[in-house]
Amino acid sequence: IASTVRANPSAGFSIVSYTGTGSAGAIAHNLNKKPDFVITKNRTTANYWAVWHSSLTANNFLRLDLTMGEGTESNYWTDFDSNVVYVPGSGSAVNNVNTTSKEYISYLWNAVEGYSAFGSYEGNASNDGPFVYTGFRPAFVLTKWADGSDQWQIHDTARSPENVANEILMPNTDGIEQTYIYSEIDILSNGFKVRNSNQNVNAASTYIYAAFAENPFKTSRAR
């Protein structure tokens, strides 16, 4: 499927613009690695923000604009490799990634050592929550409860320069920033640690995350 691609493989980031065909096909991303995190939005029609993450269950997806947990979707991507993403035909329903004549924008990332990390952690429902190793001090952490329904959450060091970090934004809403004690984390020199037992960040369940480094080199500064 014809597309316009702006990619920086060294940074593990690609932006792809394309027009859906309604027929099964493949779309180049030029990362030279299989992506770890993909977000796609239909620019022509009001529809969901489609999300795939490498730590989700096979063939399961999320929606950035909703609180729902991961689930199967027949009209999302069918596969990914180091060169392309594979999309299904639209069939009789609206396809969130490939409806005929609809304009789409996709953002794709793969992990780069010392710069970005994408993965999952298992919550323990304790205020002494799990530590998540990223290999760098994150400037930005996005988390989502994969198994259940609750908010997407963004923590960052610009709004929370000291630990604990509890200033959050929720990309599934249009709400303003909140100081939310039930979503506290510590942002550390080599990752982050969950500091609350609330289901937003730490039920006895699976959570996915995306993190980007404050100092994107193979060194980190303690906090």
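All of (1) touching a Ser or Thr at 6+ places or on another chain (Cβ under 9 Å); (2) modelled with pLDDT of 95 or more hold for residue 101 with one exception: (2).
If you take the residues of the stretch 153-210 that are touching a helix residue (DSSP H, G or I) at 6+ places or on another chain (Cβ under 8 Å) and part of a loop (DSSP other than H, G, I, E, B), which of them is most open to solvent (accessible area, probe 1.4 Å)? Among them, the one singled out is 198. Quickly run through the stretch 114-133 and pick out the residues that are over 16 Å from residue 183 (Cβ atoms), assigned to a loop (DSSP other than H, G, I, E, B) and open to solvent by 20 Å² or more (accessible area, probe 1.4 Å). 115, the sole residue that qualifies. Scanning the stretch 136-148 turns up no residue that is modelled with pLDDT of 95 or more, of a type outside the set (A, V, I, L, M, F, W, C), touching a helix residue (DSSP H, G or I) at 6+ places or on another chain (Cβ under 6 Å) and outside any loop (DSSP other than H, G, I, E, B).
Count of the stretch 135-152 residues, restricted to those that are within 16 Å of the chain's Cα centre (by Cα), open to solvent by 20 Å² or more (accessible area, probe 1.4 Å) and farther than 19 Å from residue 70 by Cα, is 2.
If the condition is being in a strand (DSSP E or B) and open to solvent by 50 Å² or more (accessible area, probe 1.4 Å), then the stretch 67-106 contributes 72, 79, 86, 103.
Being open to solvent by 50 Å² or more (accessible area, probe 1.4 Å) and on the phi < 0 side of the Ramachandran plot is a description that does not apply to residue 7.
Which members of the stretch 211-223 meet the condition of being modelled with pLDDT under 95 and either open to solvent by less than 10 Å² (accessible area, probe 1.4 Å) or of a type in the set (Val, Ile, Thr) (or both)? Listed by number, the list holds a single entry, 219. Go through (1) among the β-branched types (Val, Ile, Thr); (2) farther than 17 Å from residue 118 by Cα; (3) open to solvent by less than 40 Å² (accessible area, probe 1.4 Å); (4) under 15 Å from the mean Cα position of the chain (by Cα) and name the single condition residue 27 misses. Unmet for residue 27, out of (1) among the β-branched types (Val, Ile, Thr); (2) farther than 17 Å from residue 118 by Cα; (3) open to solvent by less than 40 Å² (accessible area, probe 1.4 Å); (4) under 15 Å from the mean Cα position of the chain (by Cα): (4). Can you spot a residue in the stretch 46-66 that is assigned to a strand (DSSP E or B) and over 25 Å from residue 209 (Cβ atoms)? For the stretch 46-66, residues assigned to a strand (DSSP E or B) and over 25 Å from residue 209 (Cβ atoms): absent.
The values are calculated or read from the model by the stated rules, or taken from the named source; none is laboratory data. Bear in mind that the values here come from a model prediction, so they are computed numbers and not experimental data. Glycine also receives a Cβ, built like all others from the backbone with ideal geometry; neighbour counts cover every protein chain displayed. For the accessible areas, the whole protein counts, side chains as well, though only heavy atoms, and no ligand, DNA or RNA atoms are used. Shrake-Rupley method; radii C 1.70, N 1.55, O 1.52, S 1.80 Å.
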